[in-house]
Amino acid sequence: MEGVFLRQATIHRKTGNPVRQRHEDKSRPLPHLVPVQAPGEHTRGGGRHGSGERVARLPTGRGETPGILDGAIDIADVAVVFQRKSTRLVAVEDVNVRIEPGEFVSLLGPSGCGKSTLLNAIGGMIVPTQGQISIDGQSVREPNARCGVVFQQHSLFPWMTALDNVAFGPEMLGYPAPEQTGREFLALVGLEKFAHSYPSQLSGGMQQRVGIARALATRPPVLLMDEPFGALDAQTRSIMQEELLKIWTAFKTTVVFVTHDVDEAIFLSDRVFVMRSTPGSIKEEIRVTLGRPRTPEIMLTDEFGDIRRRVKHLIREESLKVFNSGTK
Amino acid sequence: MTTLSSFGLTRTFAFPALTGWTSNLLGMATGFGILVLVWTVIAWRLGNAVLLPVPLAVLEGFSMLLRDGSLIADVLASLKRVFVGFLIAAFIAVPLAMLLAYFRPLRRAVLPVINLIRPIPPIAWIPIAILWFGIGDKPSYFITAIAAFFPIFLNSFFGGQSVEDQHLNAAKCLGAGKRALLLRILFPSALPMIWTGLKIGLGQSWMAVVTAELIAAQSGLGYMIQISRLNLETSHVLVGMVTIGVLGSIMTLMLSGVEGFILPWKQK
């Protein structure tokens, strides 16, 4: 019952996926997943399995699993060029970034600045034309289970129930009792009651929560989020941001978050990378010095205001450049 | 509707549902009524039972063929040929379509061949079918399979091709391998189109079996129609035709009925 987490799973050299492991004793309660009680949450998690036996306990971080996946991302001299017949589009160029284990960073910029492209490259969904991206020292070549991905919308498998969606990853990776894991992660996002609903029966916000649960259920060291709240209304969005911070605090995965919402980026992140457009590259890195835990009230503080002003100025410069070049 | 809704929930729900149902039935009865009426009038004016017997004569023929058991035997013979041929087609077409949708190089080799064979109507295969398989069930299996294959294959293939990259990427990030991508992502995301293909395929198969039996069999509805024509028993020809129509509709209805179990996520 020590904090044994799935990030201890051996990693396949080529695919980067955790190697299937047989559990000798399936009757034993799962060691890998302790229901997480996020701060300020009441009834979520662990209700079904007798709270006395399994203490709600947060993973204590990387210290106890030395030398194994931590979620450090190294982006070295990366460029992505799209070549379509005669047109050559440099989407991303000259990006050099190291993202620390457990860090929450945002890629911020106007639409079309290549932030999603960069994120997709980290996830292995796009192969960089130049340079190298590695996660914990292992080069990324194709999508793999080291990165959980939450897309903007409609990425849940519509033919699976919410529970099946969440249990899919654990099942694919050969984790023991995937359904149980699925239930626990659904409970984490407060949707245990909707386990048997299909995505089409859920609201946009619920779908994104299922999406987050699904991405986390494989316990990836890195979580990539591509404008996950972009399609939600302002209220839902704000609640989801807070919820995400709670979950991140509990899991301490590295998060790379793509958004064009300045407040969202600052509120969530340790560092915000403001991107330059055409070709996309990092214009400036802004360290968000605000303390944690954060609540939406923090947006009203002067410190937040200062950062916001600085970021908005940078963004505006970029947007103007795009705007002017577009109208020529 | 709007005025009814002011009476309260129960009425708004009960009334339109009932009128919807009864009006459907009423519409159906009217349609068939007109058909039978026109048919009767024309048959009377012609006054020739060989060209067109009155509906009542067809009904008599129907009860006679039902009583001597030959109609049931013919129906069963035809149904068996349809189902065997249809199943053969489905078991080849669906996996093949999924593989082609997934592996591009395979597609380049196989698609041109399929496009070449596709325009050949099932009836053009009959001489070959007789040469290869003789007379009886086998050539009919072949013909019904040919007829069902293309709608099933093409719909499945397009369904498989239209799988969303986002779903494939999401699955890969969740650790899915090739096999799982094929069976757990590609196949279910193509399933609505596969289902459409199966529905069309079954219809085509049913039409083809009659064609096949006209020539290449000695039992079944098609054969019965053919023999009755030679005996100038037009009422029996019409019994066969009506039976084909009714059974075809029932098959379609049955498939629509189980759709909810096959595609549960498509239900509202």
* Asked: Out of B:M241, B:F158, B:L202, whose Cα points farthest toward the positive end of the dipole of the stretch B:112-268 (charges: +1 Lys, Arg; -1 Asp, Glu; placed on Cβ)?
  -> B:F158
* Asked: Put +1 on the Cβ of every Lys and Arg and -1 on every Asp and Glu Cβ in the stretch B:55-267; which of B:I117, B:M251, B:L96 then has its Cα farthest towards the positive end of the dipole?
  -> B:L96
* Please report, in whole Å, how far the alpha carbons of the stretch B:55-267 spread along each principal axis, starting with the longest. => 68, 41, 21
* **Area hidden from solvent between A and B (accessible, protein heavy atoms only, 1.4 Å, total, Å²)** => 1900
* **Accessible surface, per residue, of the stretch B:55-267 when the full set of protein chains is kept, probe 1.4 Å, Å²** => 49
* Asked: Where does the stretch A:227-313 land on the Kirkwood hydrodynamic radius, alpha-carbon pairs, in angstrom?
  -> 13.7
* Asked: Taking 0.36 nm per intervening residue step and subtracting the Cα-Cα distance, what contour gain separates B:Q267 from B:R229 on full extension?
  -> 9.0 nm
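For the cross-link pairs A:K252/A:K312; A:K193/B:K266; A:K193/A:K246; B:K80/B:K199; A:K85/A:K312, which exceed 25 Å when the distance is taken from alpha carbon to alpha carbon?
Details: A:K252/A:K312 28 Å; A:K193/B:K266 20 Å; A:K193/A:K246 20 Å; B:K80/B:K199 17 Å; A:K85/A:K312 37 Å.
From the list (A:K252/A:K312; A:K193/B:K266; A:K193/A:K246; B:K80/B:K199; A:K85/A:K312), the Cα-Cα distance tops 25 Å for A:K252/A:K312; A:K85/A:K312.
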* **Shielding score for B:174-182, defined as the mean number of other chain Cβ atoms within 10 Å** => 6
* Other chains near A:311-322: what is the mean number of their Cβ atoms within 10 Å of each residue's Cβ? -> 0
* Asked: Counting each DSSP H run of 4 or more residues in chain B as -39500 (n - 2.57), what helix-only mean residue ellipticity at 222 nm follows after dividing by all residues, to the nearest 500 deg cm²/dmol?
  -> -27000 deg cm²/dmol
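Determine the share of the stretch B:55-267's accessible area contributed by carbon and sulfur atoms, expressed in whole percent, with a 1.4 angstrom probe. The partial results should precede the final answer.
Working: 7350 of 10380 Å².
Ligands and nucleic acids excluded, carbon and sulfur reach 71 percent.
Could you give the size of the charge dipole of chain B about its Cα centre, using +1 on the Cβ of each K and R and -1 on the Cβ of each D and E, expressed in debye and rounded to the nearest 20?
On the way: 18 positive and 9 negative charges, 202 e Å.
The dipole of chain B has a size of about 960 debye.
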* Asked: Can you give the average number of partner chain beta-carbon atoms within 10 Å of each beta-carbon in peptide A:151-160, as a whole number?
  -> 5
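The values are calculated or read from the model by the stated rules, or taken from the named source; none is laboratory data. No experiment lies behind these values; they were computed from the predicted model shown. In this analysis, Cβ positions are derived from the backbone assuming ideal geometry, glycine residues included, and neighbour counts consider all displayed protein chains. Side chains included, ligands, DNA and RNA excluded: accessible areas come from the protein's heavy atoms. Shrake-Rupley method; radii C 1.70, N 1.55, O 1.52, S 1.80 Å.
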